[in-house]
1. Which of the residues that make up the stretch 68-83 are of a type in the set (A, V, I, L, M, F, W, C) and more than 16 Å from P16 (Cβ to Cβ)?
2. Please specify each residue of the stretch 176-210 satisfying the condition of being without any contact (Cβ under 8 Å) to a residue 60 or more places away in the chain, among the hydrophobic types (A, V, I, L, M, F, W, C) and touching a Pro at 6+ places or on another chain (Cβ under 7 Å).
3. So which residues in the stretch 242-262 are within 16 Å of the ligand (Cβ to nearest atom) and touching a Phe, Trp or Tyr at 6+ places or on another chain (Cβ under 8 Å), if there are any at all?
4. Among all residue pairs at least 6 apart or on different chains, which show Cβ distances below 6 Å where the first residue, located in the stretch 211-229, is on the phi < 0 side of the Ramachandran plot and in contact (Cβ under 8 Å) with a residue 24 or more places away in the chain and the second is within 12 Å of the ligand (Cβ to nearest atom) and among the charged types (D, E, K, R)?
5. Restricting the search to the stretch 271-299, which residues are crowded, with 19+ Cβ neighbours inside 10 Å, over 18 Å from V236 (Cβ atoms) and within 17 Å of the chain's Cα centre (by Cα)?
6. Any idea how many residues of the stretch 230-251 are surrounded by fewer than 20 Cβ atoms within 10 Å (Cβ to Cβ) and either among the aromatic types (F, W, Y) or in contact (Cβ under 8 Å) with a residue 40 or more places away in the chain (or both)?
7. What number of residues within the stretch 254-288 satisfy the criterion of being under 21 Å from W5 (Cα atoms) and either in contact (Cβ under 8 Å) with a residue 40 or more places away in the chain or in contact with a Lys or Arg (Cβ under 6 Å, 6 or more places away or on another chain) (or both)?
8. Is it the case that the stretch 124-135 has a residue that's under 19 Å from the mean Cα position of the chain (by Cα), of a type outside the set (G, A, S), assigned to a helix (DSSP H, G or I) and at pLDDT below 95?
Amino acid sequence: MSTTWGRSLGTVWDRPGARAVPFGSNSMQHGTAVFEGIRCYATDRGPAVFRLDAHLRRLLESARLLGIRHDYDLTRMRQVVLDAARLPGPDDRYLRPVLFTAEPALGVDLRRFRFELAVEVYAMAGPRGGRPEGAAGLRLTVSSWRRPPATTFPPQAKATGSYAVSALARTAAAEQGFDDAIQLDQVTGRVAEATIANVFLVRGGLLTTPWLVDGPLAGITRDAVLVLARRLGVPVEEGPVTVADLRRAQEVFLTGTAAEVVPATEVDGHPLDASGPVFSRLVRAFSDTVRGRAYGELGWLTATSDH
Ligand code: PMP
């Protein structure tokens, strides 16, 4: 099947003359880079970036958490990311700004390195975003690999190195025939999130997502879904979620910039309604929002042509 989902459209470098990152770069060797994933969508009024500033604020926060020194503020980052949004190619795309060091030097004292921004651009075109897997819904398993506790690594820091943990859990799940893994908080043993997405569940009409105490990333799609649910009058709560809660749920779905809002068909063999009423309403509201058909007053879309 031919798909353009995930095909690279190119790289926007902020440093003049930059063409590649040396293999010996500290970020490559030690995973010492922080990053974001941001969607750009085709709308009736041209391409628009979804929640640009929220993503860039989180990138600045990730850098701060790791003690990374750099010369960027929101305005300068916005310019580089919007340049990436305007690279030739389909409007539906995924922007991956990475704040990294190209310096080919060893050591893990990050104060010694100069960090710079570059943005990789990936096409996300096709039906259902062209996603090859999980078109009808995801088969999930609870992973035996837990998320590192907040005392080991701050869950709100999106650092490239920490994604080896997600890769471990996701690969192990795939080896067992599942699409994704649910990871538990190391300390409480409660549900934190999936490997690169947040988790929601519905039981008796109540929408619940794990509270941040249990270590999920404060996902921007998670936040969008909470806001939209409240607007739709769906009762919502952020709270503790156990594995038993997942098993007793009628609907489970994941949210993330890449995944968008995607339902699960099962958790470890326990069947779920992948087209449940709450999921269906939310996925429609989400799609209307990112396509500029509704909720424009939220100010979540930045037209790429206005800048
Ligand atoms: N959790 C993890 C670990 C992630 O990597 C992501 C993707 N950024 C998410 C949740 C979802 O966050 P967002 O909606 O901001 O993409």
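The values are calculated or read from the model by the stated rules, or taken from the named source; none is laboratory data. Being a predicted model, the structure only gives us computed values, none of them experimental. All Cβ positions, glycine included, derive from the backbone under ideal geometry; neighbour counts span all protein chains shown.
1. Just the residues of the stretch 68-83 that are of a type in the set (A, V, I, L, M, F, W, C), to begin with: 68, 74, 77, 80-82.
Hits for the stretch 68-83 are I68, L74, M77, V81, L82.
2. Passing the criteria: V187, V191, A192, V199, L206.
3. Residues satisfying the conditions are V252, F253, L254, T255, T257, A258, E260, V261, V262.
4. Once the first residue is on the phi < 0 side of the Ramachandran plot and in contact (Cβ under 8 Å) with a residue 24 or more places away in the chain and sits in the stretch 211-229, its partners that are within 12 Å of the ligand (Cβ to nearest atom) and among the charged types (D, E, K, R) give P216/E193; I220/R51.
5. If the condition is that a residue be crowded, with 19+ Cβ neighbours inside 10 Å, over 18 Å from V236 (Cβ atoms) and within 17 Å of the chain's Cα centre (by Cα), then V290 is the only one that fits.
6. Selection size over the stretch 230-251: 9.
7. Adding up the residues that qualify gives 12.
8. Here is the first cut: in the stretch 124-135, the residues under 19 Å from the mean Cα position of the chain (by Cα) are 124-125, 128-135.
Adding the requirement that they be of a type outside the set (G, A, S) leaves 124, 128, 131-133.
Next, from what is left, pick out any that are assigned to a helix (DSSP H, G or I): 128.
Now narrow it down to the ones that are at pLDDT below 95: 128.
Yes - at least one qualifying residue is present in the stretch 124-135.
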